[in-house]
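Accompanying notes for the structure given below.
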Amino acid sequence: MDGVRFRPARREDARAVLAIKRAAIDGIDDSTYTDQQLSAWQPEQSAVSDFRRAIESDTFDILLAETDGELAGYGVLNTDDDRIDAVFVDPAYAGNGVASSLVRQFESRARMRAVAELTIVSSLNAKGFYESLQYWDFGRKTRQIDGVDIEFAIMRKQF
């Protein structure tokens, strides 16, 4: 497998970004979340317009990770709030360093902007992954999606 390469998301990438998120959520196979929670968390195909708006927004820095010429994952850095809003990897590429490479890219960009701390709202099943990258658990946040409560971990790293 080639190394991971990054590029900014373009408007026409919105469907691919949506597909990666759907595949990543569908690939969660532990008991952290119920089937009902995972189903609510899955974005509908109609969400492609939301992804296009995010890609075109100045608030979000959206990177696509490519390996072997294929899209393997994506991440979203909210530059207004110094927060990583998303890191999703296609399950076919899980465990190959794609997610950690995305996080390191965002950390580098944050350091260049002299950001003192980066926050991540992490799924509970990814908490250990972020801890391995020296993020610390600072509590929980519950988000309601389609009437279903889904709990996330607030993770922070100081530079």
per DSSP, antiparallel bridges as share of beta bridges in the chain, % nearest 5, sits at 95
Looking at the P(r) of the stretch 38-94, how many percent of alpha-carbon pairs lie beyond 18 Å? 44
Could you please state how large a percent of the accessible area of the stretch 1-43 is carbon and sulfur, counting protein chains only and using a 1.4 Å probe? 42
What distance in nm separates the simple spin-label points at ARG7 and ASP29, each placed 7 Å from Cα in the Cβ direction? 3.1
Mean residue ellipticity at 222 nm from the helices of the chain, using -39,500 (n - 2.57) per DSSP H segment of n ≥ 4 over the full residue count, to the nearest 500 deg cm²/dmol? -9000 deg cm²/dmol
Using the crude model of +1 on Lys and Arg Cβ and -1 on Asp and Glu Cβ, and no other charge, please compute the dipole size for the stretch 27-85 relative to its Cα centre, in debye to 20. 180
Show me the helices of the chain, taken as full DSSP H stretches, that run 20 Å or more along their long axis by Cα and average -0.5 or above in Kyte-Doolittle hydropathy. 98-112
With the 1.4 Å probe rolled over protein heavy atoms, the stretch 1-127 has an accessible area per residue in Å² of 50
Placing each pseudo-label 7 Å from Cα in the direction of the beta carbon, ASP58 and ASP149 end up separated by a distance in nanometres of 3.9
Förster radius 25 Å - calculated FRET efficiency between VAL48 and VAL115, Cβ distance, rounded to 0.05: 0.25
In the stretch 67-144, what is the volume of the convex hull around the alpha carbon atoms, normalised per residue and reported in Å³? 115
Give me Rg/Rg_expected for the stretch 22-159, where Rg uses Cα atoms only and Rg_expected = 2.2 N^0.38 Å with N residues. 1.03
Using the Cα centre as the reference, give the magnitude of the dipole from point charges on the C-beta atoms of the chain (Lys, Arg: +1; Asp, Glu: -1; all else neutral), rounded to the nearest 20 debye. 480
Using 0.36 nm per residue of separation minus the Cα-Cα distance, give me the extension gain between ASP137 and SER100 in nm, one decimal. 11.6 nm
Among trypsin sites (Lys or Arg not before Pro) in the stretch 50-159, those in a DSSP loop whose Cβ has at most 14 other Cβ atoms within 10 Å are ARG113
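The values are calculated or read from the model by the stated rules, or taken from the named source; none is laboratory data. Values in this document were obtained by computation on a predicted structure and should not be read as measured data. As a convention, Cβ positions derive from the backbone with ideal geometry for all residues, glycine included, and neighbour counts pool all protein chains shown. Only protein heavy atoms, including side chains, enter the accessible area calculation; ligands, DNA and RNA are left aside. Shrake-Rupley method; radii C 1.70, N 1.55, O 1.52, S 1.80 Å.
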